[in-house]
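See structure below.
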Amino acid sequence: MEIESIGSTSLIGIQQGLAGVDRNAVEIAKSGTGSIEAGESTVFISNTAKNLLEMENNSLQVMASSRTMEAFKQTVGSIIDMKV
């Protein structure tokens with residue numbers, strides 16, 4: 001993996017996570033009911049609960065991508081320091 005792609009992948013992960021959180025917030029505001037299929041059974045839950053769970057997952061994606069970006073920045077900074 002090229003070093004530039006690590007930064008790009010991190011940025012894309014942050015953008016996708018934030019877009020997901022925004023989408024979840026809109027859905028929570030519109031709240032209704034829905035279902036989740038789990039194998040042969042269907043579990044009915046509120047869309048609010050479903051979107052809150054998805055929002056948590058999206059938040060974790062943003063946090064993980066941010067940490068990857070921070071590690072990328074530190075690595076690039078170290079490489080620059082070694083070459084200077």
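The values are calculated or read from the model by the stated rules, or taken from the named source; none is laboratory data. Everything numeric in this text was worked out from a predicted model, so none of it was measured. Here the Cβ is made from the backbone with ideal geometry for all residues, glycine too, and neighbour counts use every protein chain on show.
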**Request:** Return yes when MET69 is touching a helix residue (DSSP H, G or I) at 6+ places or on another chain (Cβ under 8 Å), modelled with pLDDT of 90 or more and farther than 18 Å from THR9 by Cα and no when it is not.
**Result:** no
**Message:** Of everything in segment 3-29, what is of a type in the set (A, V, I, L, M) and either surrounded by 15 or more Cβ atoms within 10 Å (Cβ to Cβ) or over 16 Å from LEU53 (Cβ atoms) (or both)? Give them in sequence order.
**Reply:** ILE3, ILE6, LEU11, ILE12, ILE14, LEU18, ALA19, VAL21, ILE28, ALA29
